[in-house]
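First up is the structure itself, then whatever we jot down about it.
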Amino acid sequence: MTKPGHSSWLVARALYLPDQDDPVPALRDGLLLRSGVIVAGSALLALALAWTVARPVARAGRVATAVADGDLAARIPVRGNDALAVMSDAINAMADRLTGQIADLERANEAQRRFVSDVAHELRTPTAALLASAEALDNPATRGEAATLVAPQLRRLAGLTEDLLEISRMDAGHAAVALDRVDVVDLVAEVIADTDIGYHGPAELMVTTDPVRLQTILRNLTANAIQHGAPPVTVTLGREGAAVAIDVHDGGPGVPTELRDRVFDRFVRGDESRHGSSSGLGLAIAAENARLLGGTLALAADGSTFRLTLPLPGEATA
């Protein structure tokens, strides 16, 4: 609003602008070019990263397929210490465990086949002898001689059956251990009673163990020394650090050198012509019983001394 007595003025100023090119197209073209470069670079980078991740995954798939097809030596090369290297290590460890389990199964199957074959071989001898004796019993001329052969073969068959049952219980993990506080000297005295076996050791030595299984070990060791060794046979008892050691020694030449590494295997016998009623399971059962009692059973370097080591009370548990 104009106050009375005052006049209004309008001032207009004109500026001359020379003709210039429109900057918008150039700016647009630059933005498009830069955007295209950025998109192309991002795509290439994404492809490179995807290939870096996908290549180890594809390699892992090929290794898994190779292992499944039977190539147990196939492994993924591990480079660096990033997440992909950790994944490769994990896959290789899984392949190692799988390979170990397959190897264990193959060994178990082979041992099972060998065990069945050995059992069939062992049963064949007493069974054939019993059949021959049974046929001879029908003939009055041979009845007396055949009757004397039946009892030994039946005892051998019964002993083999008991050993096989004990082995099967151990393999199945059903072998029970009944611990008790016993005097080892008394157990040794019961085992060597009515024999020419000598004893060296203390008058008393208490230990917590399964007396039945300990006696089984001692009977197997002394019977092995008497049957396959030579006099004198001695049992030596004493302490060895935190354990009690029982040595069974005979005066013979010892276990043949070629058998010492597998003397505790099943159905292993030194002299096949002298094994008599032995089934070759005694030392295997003794070694397994020693393990059940928390101890060890080993053959000394001389080849004629077997050492049983058992933990003392308070030092170890079965």
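Using a 10 Å cut-off on Cβ atoms, rank the peptides 130-137, 246-253 from the highest mean neighbour count down. Each step should come with its number before you reach the end.
On the way: 130-137: 14.8, 246-253: 19.9.
So the peptides 130-137, 246-253, ranked by packing, come out 246-253, 130-137.
Grab the other residues whose beta carbon is less than 12 angstrom from that of Val116, score K and R as +1, D and E as -1, and report the net. Provide the component values of the computation, followed by the final result.
Values: positive: Arg113, Arg114, Arg266; negative: Glu110, Asp118, Glu122.
Surrounding charge for Val116 is 0.
Just from its helices, what would the mean residue ellipticity at 222 nm be for the chain, if runs of 4 or more DSSP H residues each count -39500 (n - 2.57) and the sum is divided by every residue, rounded to the nearest 500 deg cm²/dmol? Display every interim value, and only then the final one.
Values: 6 runs with 168 residues, N = 318.
About -19000 deg cm²/dmol.
Let's see if you can work this out: charge +1 on each Lys and Arg Cβ, -1 on each Asp and Glu Cβ, no other charges. What is the dipole magnitude of segment 115-226 about its Cα centre, in debye to the nearest 20? Before the final figure, lay out the partial values.
On the way: 8 positive and 17 negative charges, 52 e Å.
With only Lys, Arg, Asp and Glu charged at Cβ, the dipole is about 260 debye.
Treating only the Cβ of Lys, Arg, Asp and Glu as charged (+1, +1, -1, -1), what charge dipole size does the chain show about its Cα centre? Round to the nearest 20 debye.
Values: 29 positive and 40 negative charges, 365 e Å.
Result for the chain is approximately 1760 debye, rounded to the nearest 20.
If I take every Cα pair under 8 Å that is 6 or more residues apart in the chain, average their sequence separation and divide by the length, what percent do I get for the relative contact order? Let's see the in-between values first.
On the way: 320 pairs, mean separation 34.7, N = 318.
About 11 percent, as a whole number.
Between Gly198 and residues 5 or more places away or on another chain, which pairs have amide H atoms under 5 Å apart, with H built 1.01 Å from N, and which residues are they?
Result for Gly198 returns Val233, Thr234, Val235.
If we count chymotrypsin sites (Phe, Trp or Tyr not before Pro) as exposed when they sit in a DSSP loop and have at most 14 other beta carbons within 10 Å, what is the longest stretch of the chain that avoids them all? Intermediate values should be presented prior to the final figure.
Working: sites that count: Trp9, Tyr16.
Maximal segment without exposed cleavage sites: 17-318.
Tell me the relative contact order for segment 175-249 as a rounded percent, counting alpha carbon contacts under 8 Å between residues six or more apart.
Once divided by the residue count of segment 175-249, the mean separation gives 33 percent.
Count the net charge of all other residues whose Cβ sits under 13 Å from the Cβ of Ala172, scoring Lys and Arg as +1 and Asp and Glu as -1. If you can, show how the numbers build up before the last one.
On the way: positive: Arg169; negative: Glu166, Asp171, Glu288.
Charge balance near Ala172 sits at -2.
With point charges of +1 on the Cβ of Lys and Arg and -1 on the Cβ of Asp and Glu, referenced to the Cα centre of segment 37-160, which listed residue (Ile102, Gly159, Ala64) lies farthest in the positive direction of the dipole?
Checked the options; the winner is Ala64.
Per the Kirkwood treatment, what hydrodynamic radius in Å, one decimal, follows for segment 56-164 from the mean inverse distance over all distinct Cα pairs? All intermediate terms of the calculation are to be shown ahead of the outcome.
Details: mean 1/r = 0.0532 Å⁻¹.
Its Kirkwood hydrodynamic radius stands at 18.8 Å.
Taking N as the number of residues in segment 69-133, what is its Cα Rg relative to 2.2 N^0.38 Å?
After normalising by residue count via 2.2 N^0.38 Å, the value is 2.13.
Just the number, please: carbon plus sulfur as a percent of the accessible area of segment 122-179, 1.4 Å probe, no ligands or DNA/RNA counted.
61
Give me the percent of accessible area attributable to carbon and sulfur for segment 55-103, probe 1.4 angstrom.
Details: 1830 of 3030 Å².
So the carbon and sulfur contribution to the accessible surface is 60 percent.
Quick one: accessible area per residue over the chain, 1.4 Å probe, rounded to a whole number of Å²? Each step should come with its number before you reach the end.
Details: 20480 Å² over 318 residues.
So the chain comes to 64 Å² accessible per residue, rounded to a whole number.
Return P(r) of the chain (all Cα-Cα pairs; 10 Å bins starting at 0; whole %; ordered from short to long distances).
Pair shares across the bins are 5, 16, 17, 14, 11, 9, 6, 4, 4, 3, 3, 2, 3, 2, 1, 0, 0, 0.
Taking the Cα centre of segment 132-192 as origin, work out the dipole magnitude from +1 charges on Lys and Arg Cβ and -1 charges on Asp and Glu Cβ, in debye rounded to 20.
Working: 5 positive and 11 negative charges, 34 e Å.
In debye, rounded to 20, segment 132-192 gives about 160.
Please provide three numbers in whole Å: the alpha-carbon extents of segment 160-277 along the principal axes, with the largest listed first.
Principal extents (Cα only, largest first): 40, 38, 30 Å.
I need to check one value: relative contact order of segment 88-180, counting alpha carbon pairs closer than 8 Å and at least 6 residues apart, in percent.
Details: 26 pairs, mean separation 17.4, N = 93.
RCO, segment 88-180: 19 percent.
The values are calculated or read from the model by the stated rules, or taken from the named source; none is laboratory data. Just so you know, these numbers come straight off a predicted model, no measurement behind them. Neighbour counts run over all protein chains shown; Cβ positions are idealised from the backbone, glycine included. To get the accessible areas, we keep the full protein, side chains included, count just its heavy atoms, and leave off ligands, DNA and RNA. Shrake-Rupley method; radii C 1.70, N 1.55, O 1.52, S 1.80 Å.
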